[in-house]
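Working notes, structure below.
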Amino acid sequence: MGDAAGLVDPLTGEGIAYAIQSATLAAEAILGAGEEQYEARLREALLPELEIAARLARRFRRLPPLLMGLCMCLGAFRRRAARFTDLLCGQTSYRRF
């Protein structure tokens, strides 16, 4: 459902977490909230995350491989490594990151 709906993380390519969230919203809509509510919740909950992820992915793709390697070694990146890992594992959101 995540892939089919285009709800794939642009940075990691992962879509299962978004598929589960989308399915939950769809189930709530089927049980009574209605299609309009599904679309509103989708725009509120998932789309902002995907937009931030897309901007972050574009920034990473612009970096030459050598520069990207250097960024990974910098102290600022090391301090954020745990938070970045949480982001990639789905334990935090792009907005919190």
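Below are the figures for this structure:
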| read-out | value |
| --- | --- |
| The stretch 58-74 residues that are under 14 Å from Pro10 (Cβ atoms), paired with ones that are at pLDDT below 70 and aliphatic (A, V, I, L, M) (beta carbon under 9 Å, 6 or more apart) | Phe60/Met68 |
| Residue check, Glu51 farther than 20 Å from Cys89 by Cβ, at pLDDT 85 or above and out of contact with any strand residue (DSSP E or B) (no Cβ under 7 Å at 6 or more places or on another chain) | yes |
| Criterion: loosely packed, with under 15 Cβ neighbours inside 10 Å, part of a helix (DSSP H, G or I) and touching a residue at least 12 places away in the same chain (Cβ under 8 Å) - qualifying residue of Ala27, Ala40, Ala23, Ala53 | Ala23 |
| Of the criteria (1) at pLDDT 75 or above; (2) loosely packed, with under 12 Cβ neighbours inside 10 Å, which one Ile16 fails | (2) |
| Answer residue from the stretch 57-71, given it is part of a helix (DSSP H, G or I) and loosely packed, with under 11 Cβ neighbours inside 10 Å and is modelled with the highest pLDDT among those | Arg59 |
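The values are calculated or read from the model by the stated rules, or taken from the named source; none is laboratory data. Treat the numbers as computed from the prediction; the structure is a model and nothing was measured. As a convention, Cβ positions derive from the backbone with ideal geometry for all residues, glycine included, and neighbour counts pool all protein chains shown.
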